[in-house]
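**Q** Here's a structure for you.
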Amino acid sequence: MKTFNRDADPGEHVYYSDAVEANGMLFVSGCVPYDENDRLIGPGDPELQFAATLDNLERTLNLAGYELSDLVKLNIYLTDIRDIPAMREPRRLRFGDRVRPATTLVEVSGLLAPGVFVEADAIAVRGGGAAAVGE
């Protein structure tokens, strides 16, 4: 088992890894729309927040040597289910027509902090992701 953290020194208050690789799979912890200085990206803008969340997910995948095309499972948590349409364009831009991971979408009553509308976690398999759909 190998762990990965985007922050070189996550500090003693962090009791989890950004990702854990085990048995050929990468398990990515929840990603939120925060920048490298822990500032919320896109306050009040669900589309921008989802794009930033996917950016952070991709950064974590890349840190471990994976790509978005390696995703096999994506879990998305929204504080308002009516924000689903705001997810379409960021998802299309990142995944296109070929990456289609199994996806679960859940509406939740709250996330990390007030104003955070979306969080996503994922499972990836190197070279065996959902990019092979239809092949």
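The values are calculated or read from the model by the stated rules, or taken from the named source; none is laboratory data. The structure presented is a predicted model; accordingly, all values stated were derived computationally and were not measured. We place every Cβ from the backbone using ideal geometry, glycine too, and count neighbours over all the protein chains shown.
**Q** Given (1) at pLDDT 95 or above; (2) closer than 22 Å to Gly127 by Cβ; (3) acidic (Asp, Glu); (4) touching a helix residue (DSSP H, G or I) at 6+ places or on another chain (Cβ under 9 Å), where does Glu107 come up short, assuming only one miss?
**A** (2) is the only condition that Glu107 fails.
**Q** Quickly run through region 59-82 and pick out the residues that are surrounded by fewer than 17 Cβ atoms within 10 Å (Cβ to Cβ) and among the charged types (D, E, K, R).
**A** Arg59, Glu67, Asp80, Arg82, listed by residue number.
Quick grid of which residues meet (1) touching a helix residue (DSSP H, G or I) at 6+ places or on another chain (Cβ under 6 Å); (2) over 20 Å from Arg126 (Cβ atoms); (3) in a strand (DSSP E or B); (4) at pLDDT 95 or above:
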{"position": "Phe27", "(1), (2), (3), (4)": "no, no, yes, yes"}
{"position": "Gly30", "(1), (2), (3), (4)": "no, yes, yes, yes"}
{"position": "Glu36", "(1), (2), (3), (4)": "no, yes, no, no"}
{"position": "Gly44", "(1), (2), (3), (4)": "no, yes, no, yes"}
{"position": "Phe50", "(1), (2), (3), (4)": "yes, yes, no, yes"}
{"position": "Asn56", "(1), (2), (3), (4)": "no, no, no, yes"}
{"position": "Thr60", "(1), (2), (3), (4)": "no, no, no, yes"}
{"position": "Tyr66", "(1), (2), (3), (4)": "no, no, no, yes"}
{"position": "Asn75", "(1), (2), (3), (4)": "no, no, yes, yes"}
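**Q** Hey, can you tell me all the residues within region 91-132 that are of a type in the set (S, T, N, Q) and outside any strand (DSSP E or B)?
**A** Ser109
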